[in-house]
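Novice: Got a structure for you, questions after.
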Amino acid sequence: MAEKEMMELSSDHMTKTEEDDHHQISSSSFSPMAVPRIMTRSKGGLITMPFIIANESLEKVASYGLLPNMTFYLMKDYRMGVTAAQNLLFYWSSATNFLPLVGAFIADSYLGRFLVIGFGSIFSFLGAVLLWLTAMIPKARPSACDLSGQACKSTTPAQYTLLVSSFMLMSIGAGGVRPCSLAFGANQFDKPDNPNNKRVLETFFNWYYASAMISVLIAMTGIVYLQDHMGWKVGFGVPAIIMFFSGLLFFLASPLYIKQKPSKNLFTGLAQVIVVAYKNRKVAYPSENSGYHHNKGSEFSVPTNKLRFLNKACIIKCPEDVKQDGVAVDPWNLCTVEQVEDLKSLIRVMPLWSTGIMISINLSQSSFPLLQANSMNRHITKSIEIPAGSFGMFTIIALTIWLVLYDRAILPLASRIRGKPVRLGTKERMGIGIFFSCMGMLISGIIEHIRRGKAIEQGLLNNPEGVVTMSAMWLVPQHCLNGIAEAFNAIGQTEFYYSELPKSMSSIAAAMFGLGMAVANLLASVILSNVDNLTKGEGKESWVSSNINRGRYENYYWLLAIMTGFNLLYFMVCSWAYGPCVENMSKKMVEGGADLPQENVSSS
């Protein structure tokens, strides 16, 4: 799916680049030295691959390496409670997931991908340096508690602002690098006149995704290890240095890049439909099908009847609204049928998109598994101990292993047994992912219930720093279930958006999952704050107390499991209401020779 998207995003630009090169050669034909000079300045190609992949990979190592142990930093150095710390991380993650939408819009409409990636790298570096300074400068964080028994000083507004500013700068940086890096890299290799074009693109995508996975594993092990054994000064300083080299390597190859110029963004076209439909709300529908504005050569001349009120955006009120070449005089006064159908397709997938928010809420619970691991025996051998912040790597490992088994073993075996190709549809995979996520929260609660019981038996009720004589490897199953849930639901969601939305909306399809994560982080903060407020009171400890042994984290997990169970029922209703996907309808059409209904063609 990523290959399909990138080829579409870059094809128009590559055609334009070839035309420009032809023009340059032709205009310079009077100079015998002109042609060789232009030929030696060919841009793009494999030489740019290491710089682009290094930029993205190093940014991931630095940013992902800061998150696992951040709860400890906020609780110990800034003396935040677990609820306040987790909420701050929720807000940070929400900004990090939402700003790529803004970055993509700016890149496509105004600055181009090269400048947005460049500015993003600079902001990421500045944010990492600012965070490092909070560890280096004693006055940048609250002073240590006085042993005389006086109350500890709380975080000042200036100290809190410095900390939050570092998070925001890194979020802005991620908003510039992450949405543009893959598409910018594809621009360097997508050359239609090259017979090996597809193979080269596949090589780039394989290296890109492999390096991204390795980067996350390095972040969750190497960076976390430095923070645990060498302190925050080194643990934050190394990511800052990595961010510096991320930007440096990207800018070093600047003369080698093909730099796509910005063009009109699809978000603008969708906004135009809403505005024009509202302006034309009192306009009567045309009695003939010829009263709608559409692009020349388009397969759509008449809009579908679904969400019919939006059709008013493409009604031609007078012939003067359309130029002789068939283009609208004012796109904020008249839209095309294609624009209307694009928006309808987006609205149609939104209910199923909303079902993925709950699983993202479950996956974003980083503080509680961290505190659980920290209170358990993490030794594999007498000399080897897994850092508490590194247990998230089991989610990544489980996801990777399951994808390989599913693609290379399970599907081929099922196809061999049934005697024909077997493949789970996108909606089925999304539903299975929600089920596994529910099981993950259920198992998390059971393990925590057992751990807390052992902690009380061993007299650790008032000692949250004490280590229970229970192996932390009991936490691996819940991480594995979360990894399998993400493998089914996240990838199923992405494929669903790509297959159900029109080809012209591939950039929006790529952004849908990230937007869901951003909304999930905000809702997770609301849920956590309400649980904290409703479960604490006079003589009662909050379920999500900073003292893990006095709190009832298992109840919080089981609440999430119950909510996920209801979300699964909600998903079933939305799936039934949506009807068959394009992939299933296409299969039936091939087998039965039937034509696709007009309402669904627009989503293909």
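The values are calculated or read from the model by the stated rules, or taken from the named source; none is laboratory data. Owing to the predicted nature of the structure, the values given are computational and were not obtained by experimental measurement. Cβ coordinates were reconstructed from backbone atoms using ideal geometry, including for glycine residues, and neighbour counts include every protein chain displayed. For the accessible areas, the whole protein counts, side chains as well, though only heavy atoms, and no ligand, DNA or RNA atoms are used. Shrake-Rupley method; radii C 1.70, N 1.55, O 1.52, S 1.80 Å.
Novice: Of the conditions (1) surrounded by 24 or more Cβ atoms within 10 Å (Cβ to Cβ); (2) under 17 Å from the mean Cα position of the chain (by Cα); (3) among the aliphatic types (A, V, I, L, M), V82 satisfies every one except a single condition; which number is it?
Specialist: Single failed check for V82: (2).
Novice: Still on this structure, please answer the following. Tell me, which helices (runs of 4 or more DSSP H) wholly within segment 329-437 include 1 or more residues that are buried (at least 22 other Cβ atoms within 10 Å of the Cβ) and in contact (Cβ under 8 Å) with a residue 24 or more places away in the chain? It would help to see each step written out before you state the result.
Specialist: Details: elements: 337-354, 357-363, 367-374, 393-405, 411-418.
Passing ranges, in order: 337-354, 357-363, 367-374, 393-405.
Novice: Something else about it: If you take the residues in segment 286-328 that are among the small types (G, A, S) and buried (at least 16 other Cβ atoms within 10 Å of the Cβ), which one is modelled with the highest pLDDT?
Specialist: Taking segment 286-328 as the starting set, the residues that turn out to be among the small types (G, A, S) are 287, 290-291, 297-298, 301, 313, 326, 328.
Next, from what is left, pick out any that are buried (at least 16 other Cβ atoms within 10 Å of the Cβ): 313, 328.
Working: A313: 88, A328: 84.
Here the residue is A313.
Novice: I want to confirm something. Restricting to segment 199-241 and keeping residues that are without any contact (Cβ under 8 Å) to a residue 12 or more places away in the chain and either within 19 Å of L126 (Cα to Cα) or among the charged types (D, E, K, R) (or both), which single residue is least open to solvent (accessible area, probe 1.4 Å)?
Specialist: V234
Novice: A follow-up question, please. Looking at segment 558-573, can you tell me whether even one residue there is surrounded by 16 or more Cβ atoms within 10 Å (Cβ to Cβ) and at pLDDT below 95?
Specialist: No, because not a single residue in segment 558-573 is surrounded by 16 or more Cβ atoms within 10 Å (Cβ to Cβ) and at pLDDT below 95.
Novice: With the requirement that a residue be in a helix (DSSP H, G or I) and open to solvent by 20 Å² or more (accessible area, probe 1.4 Å), what does segment 536-557 give you?
Specialist: Kept after step one, since they are in a helix (DSSP H, G or I), are these residues of segment 536-557: 553-557.
Passing the criteria: only N555.
Novice: Which is more than 26 Å from the chain's Cα centre (by Cα) and among the aliphatic types (A, V, I, L, M), of L248, L307? Please lay out each step first, then the result.
Specialist: Details: L248 fails: more than 26 Å from the chain's Cα centre (by Cα).
None of the others qualify; the one that does is L307.
Novice: Report, by residue number, each residue of segment 574-600 that is buried (at least 16 other Cβ atoms within 10 Å of the Cβ) and either modelled with pLDDT under 80 or not in a helix (DSSP H, G or I) (or both).
Specialist: C581, V582, E583, M585, N600
Novice: In this structure, does K503 turn out to be surrounded by fewer than 19 Cβ atoms within 10 Å (Cβ to Cβ), without any contact (Cβ under 8 Å) to a residue 12 or more places away in the chain, among the basic types (K, R) and at negative phi? Break it down stepwise before answering.
Specialist: On the way: surrounded by fewer than 19 Cβ atoms within 10 Å (Cβ to Cβ): yes; without any contact (Cβ under 8 Å) to a residue 12 or more places away in the chain: no; among the basic types (K, R): yes; at negative phi: yes.
In short, no.
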